[in-house]
Amino acid sequence: MALADKYKALTDAATAAGIADLAVREQDGVLYIDGTAADGATKDHLWEVYNQIDPNFTSGDLVLNVNVAIDAAVTHAKVITESSNLNIRKGPGTDQPIVGKAAHGEVITLVNRSNDLWWLVRTNDGEEGYCYAQYLEAQS
Amino acid sequence: MKTTKLLMSMVIATTLFFVGCKPKDAAIQAAIQAKEAAGITVAVTKGEVTLTGEVDDEATKAKAAEIAKAEKGVKSVINNLTVKPTDVPVVIAEDPTLIKNVADATKDFPTVKAEVKDGVVLLTGEIKKASLITLMQHLSALKPKKIDNKLTVK
């Protein structure tokens, strides 16, 4: 378990941060770390630790899949693109036609989160469609 | 005299009563222990059985308690067996799903080229350092087998 040693600081940080359902396994030369973080800051912290151990993530020996837990009661999300507008599409996929846009920093309504990657949203103008979930931050 | 005899017999009876429990418990313990799987420890006190140790699954845990309950002279069973935690298997996305999701995830990174083969995501091209962490976070959520990052970081 050489990889477990290499990334010990990361798994220790994950344990210390109280990551839920934390699972660490090595398979075919890759270490898989899965779990759920309480918030985005915790997730980002783990990625910083990862970046310190493996600068620029060039080793290809770790898949860090830590998602942020979202309260079922959450109904709104903020658009967290770098600066651009976020496309709202007819269906879940970039091959789907764009039906609207949400501005960077805008808070929109969450309709359905049953798809992990694409959330169904509604803008304040009433446009409804799917947005890439990685560019949305649930508002508590 | 009569009183002394009576007292004596009472003392003997009481002694027998208390001592009597011990061999009985020991016999029950031995009988159950012989029937239980390895790794299970059986303790018996006044007919009350306590099971401790670690077993592979819930079914084994339940069966161990049944074995103990079925033994003659057992009054109750405290099942303190623990079930070994199983490792969550590594889930790797199928290529068609992964290809579609990688295309979605890399769409906003026009300088990045991504290829998917047998679950491995090969990244070539260039990227800004600030965007790299975002891209890696997006890709890691797609359940790839591996992310082969050959990007030039600007």
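The values are calculated or read from the model by the stated rules, or taken from the named source; none is laboratory data. Fair warning: this is a prediction, and the values are worked out from it, not measured in the lab. Quick reminder, even Gly has a Cβ in these numbers, built from the backbone with ideal geometry, and neighbours come from all protein chains shown.
Between residues in region B:130-154 that are free of Cβ contacts under 8 Å to residues at least 60 places away in the same chain and facing chain A (nearest Cβ under 7 Å) and residues that are crowded, with 22+ Cβ neighbours inside 10 Å and among the aromatic types (Phe, Trp, Tyr), which pairs lie under 8 Å by C-beta distance while being six or more apart or on different chains?
Between residues of region B:130-154 that are free of Cβ contacts under 8 Å to residues at least 60 places away in the same chain and facing chain A (nearest Cβ under 7 Å) and residues that are crowded, with 22+ Cβ neighbours inside 10 Å and among the aromatic types (Phe, Trp, Tyr), the close pairs are B:Leu132/A:Phe57; B:Met136/A:Phe57; B:Ile147/A:Phe57; B:Asn149/A:Phe57.
Is it true that some residue in region B:74-86 is over 30 Å from B:Ala31 (Cα atoms), of a type in the set (A, V, I, L, M) and at pLDDT 90 or above? Step through it out loud before you land on a result.
Within region B:74-86, the subset over 30 Å from B:Ala31 (Cα atoms) is B:86.
Now restrict to residues that are of a type in the set (A, V, I, L, M): none.
For region B:74-86, residues over 30 Å from B:Ala31 (Cα atoms), of a type in the set (A, V, I, L, M) and at pLDDT 90 or above: absent.
Are any residues in region A:61-84 surrounded by fewer than 14 Cβ atoms within 10 Å (Cβ to Cβ) and either charged (D, E, K, R) or in contact with an Asp or Glu (Cβ under 9 Å, 6 or more places away or on another chain) (or both), and if so, which ones? Before you say what the answer is, go through the steps one by one.
Keep residues of region A:61-84 that are surrounded by fewer than 14 Cβ atoms within 10 Å (Cβ to Cβ), which gives A:71-75, A:82-84.
Result: A:Asp71, A:Glu82, A:Ser84.
I'd like the full set of residues that are buried (at least 17 other Cβ atoms within 10 Å of the Cβ), under 27 Å from A:Lys78 (Cβ atoms) and of a type outside the set (A, V, I, L, M, F, W, C), limited to region A:1-35.
Scanning region A:1-35 gives A:Asp34, A:Gly35.
In region B:60-80, is there at least one residue being among the small types (Gly, Ala, Ser) and within 30 Å of B:Lys146 (Cβ to Cβ)? So that I can check it myself, show each step before the final result.
Of region B:60-80, the ones among the small types (Gly, Ala, Ser) are B:62, B:64-65, B:68, B:70, B:73, B:76.
Narrowing the set further to residues that are within 30 Å of B:Lys146 (Cβ to Cβ) leaves none.
No, there is no match, as no residue in region B:60-80 is among the small types (Gly, Ala, Ser) and within 30 Å of B:Lys146 (Cβ to Cβ).
Run A:Asn115 past the list (1) within 14 Å of chain B (Cβ to nearest Cβ); (2) under 17 Å from B:Asn101 (Cα atoms); (3) buried (at least 16 other Cβ atoms within 10 Å of the Cβ) and report the number of the one that doesn't hold.
Checking A:Asn115 against (1) within 14 Å of chain B (Cβ to nearest Cβ); (2) under 17 Å from B:Asn101 (Cα atoms); (3) buried (at least 16 other Cβ atoms within 10 Å of the Cβ), the one that fails is (3).
Against the definition (part of a strand (DSSP E or B) and at pLDDT 95 or above), how does A:Gly129 come out, yes or no?
Numbers: part of a strand (DSSP E or B): yes; at pLDDT 95 or above: yes.
Yes; evaluated as a whole, the condition is true for this residue.
Pick from region B:87-107 the residues that are in a helix (DSSP H, G or I) and more than 11 Å from chain A (Cβ to nearest Cβ): which of them is surrounded by the fewest Cβ atoms within 10 Å (Cβ to Cβ)?
Going through region B:87-107, the residues in a helix (DSSP H, G or I) turn out to be B:95-106.
Now restrict to residues that are more than 11 Å from chain A (Cβ to nearest Cβ): B:95-96, B:98-99.
Working: B:Asp95: 15, B:Pro96: 9, B:Leu98: 22, B:Ile99: 17.
This residue is B:Pro96.
Can you tell me which residues in region A:79-111 are within 25 Å of B:Lys100 (Cα to Cα) and of a type in the set (D, E, K, R)?
Within region A:79-111, A:Glu82, A:Arg89, A:Lys90, A:Asp95, A:Lys101 qualify.
Under the condition of being over 39 Å from the mean Cα position of the chain (by Cα) and among the small types (Gly, Ala, Ser), which residue from region B:115-150 is surrounded by the fewest Cβ atoms within 10 Å (Cβ to Cβ)?
Looking at the filtered set, the residue picked out is B:Ala130.
Looking at B:Glu58, is it exposed (fewer than 14 other Cβ atoms within 10 Å of the Cβ), within 14 Å of another protein chain (Cβ to nearest Cβ) and in contact with a strand residue (DSSP E or B) (Cβ under 8 Å, 6 or more places away or on another chain)? Outline the logic, then answer.
Details: exposed (fewer than 14 other Cβ atoms within 10 Å of the Cβ): yes; within 14 Å of another protein chain (Cβ to nearest Cβ): no; in contact with a strand residue (DSSP E or B) (Cβ under 8 Å, 6 or more places away or on another chain): yes.
Here the answer is no, as B:Glu58 does not meet what is asked.
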